[in-house]
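Since the structure comes first, as structure tokens, the remarks are kept for the end.
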Amino acid sequence: MFDYLSKGGMVMIPIALCSVMVVTICIERAWMLRRRKVFPPGLAERAEELVRRGHVEEAMVSLRREPSPLSRLVLAALKNAGQGREAVKEAVQEVGRREAAHLERYIGALGTISNVSTLLGLLGTVSGMIKAFTVISVQGVGNPAILAGGISEALVATAAGLTVAIPSFLSYRYFLSRVDHAVLDLEHVSIHFVDLVKQSARRPAPAPPASARLQAAE
């Protein structure tokens, strides 16, 4: 395999580096974009139950214990509970933009690597064909075996570049789709908590027990 790849010329070195970067980014993003890491199980339900019961501070403490994109969005809504709905929504959207950028981390590099790998393969093709035509100009076309080195370099470099570019582009689209779906789900949950917070703010405080009222009258 090494002998086969070495026929692609010097351009195989950056193509190999690109392949290592693709594998590394894919493993890292697959780990960081796990569903349970973005949406810890039961977190939203516990926070919602506490907010409905009026225990907003307790809900915030619970959210801080499990840092995640979801907890940070819900915290933004609870921290601004005393403001107007538009102010709360704007605060949540600002946090949401930061979380979306964090979720998209390194994904753009996959698209760049896909393009670069294709161009590197094309560069290897051109380099190999230059060598082949140089041989033709010097020795003619009487012996096809003489041209094998340049043609082999051109084909191997092209194949290697595409072998890296195609999986890289597919990974780029896949992870971008996962981020888009995660952001949509986060927006849905955050809007729900914005409405929940405003409903809790409008809810009248519970009346004190009768014994307390009698003591106050005395």
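The values are calculated or read from the model by the stated rules, or taken from the named source; none is laboratory data. For clarity, every value in this text was computed on a predicted model and none was experimentally measured. Reconstructed Cβ throughout: ideal geometry from the backbone, glycine too, with neighbour counts over all protein chains shown.
Quick check on residue 54: is it surrounded by fewer than 16 Cβ atoms within 10 Å (Cβ to Cβ) and in contact (Cβ under 8 Å) with a residue 60 or more places away in the chain? Answer is yes for this residue.
Taken over segment 64-92, the criterion of being surrounded by 16 or more Cβ atoms within 10 Å (Cβ to Cβ) and either in contact with a Phe, Trp or Tyr (Cβ under 7 Å, 6 or more places away or on another chain) or within 22 Å of residue 178 (Cα to Cα) (or both) is satisfied by 68, 69, 70, 71, 72, 73, 74, 77, 92. Look at segment 92-115: where a residue is within 26 Å of residue 17 (Cβ to Cβ) and a partner is exposed (fewer than 14 other Cβ atoms within 10 Å of the Cβ) and among the charged types (D, E, K, R), sitting 6+ places away or on another chain with Cβ atoms under 7 Å, you get 106/28. Kindly indicate whether any position in segment 122-144 is out of contact with any His (no Cβ under 6 Å at 6 or more places or on another chain), loosely packed, with under 15 Cβ neighbours inside 10 Å, assigned to a helix (DSSP H, G or I) and modelled with pLDDT of 90 or more. Looking for residues that are out of contact with any His (no Cβ under 6 Å at 6 or more places or on another chain), loosely packed, with under 15 Cβ neighbours inside 10 Å, assigned to a helix (DSSP H, G or I) and modelled with pLDDT of 90 or more, one finds none in segment 122-144, hence no.
Hey, does segment 9-25 have a residue that's of a type in the set (Gly, Ala, Ser), closer than 25 Å to residue 98 by Cβ and either modelled with pLDDT under 90 or exposed (fewer than 14 other Cβ atoms within 10 Å of the Cβ) (or both)?
Restricting attention to segment 9-25, the residues satisfying the condition of being of a type in the set (Gly, Ala, Ser) are 9, 16, 19.
Filter once more, keeping what is closer than 25 Å to residue 98 by Cβ: none.
No, every residue in segment 9-25 fails to be of a type in the set (Gly, Ala, Ser), closer than 25 Å to residue 98 by Cβ and either modelled with pLDDT under 90 or exposed (fewer than 14 other Cβ atoms within 10 Å of the Cβ) (or both).
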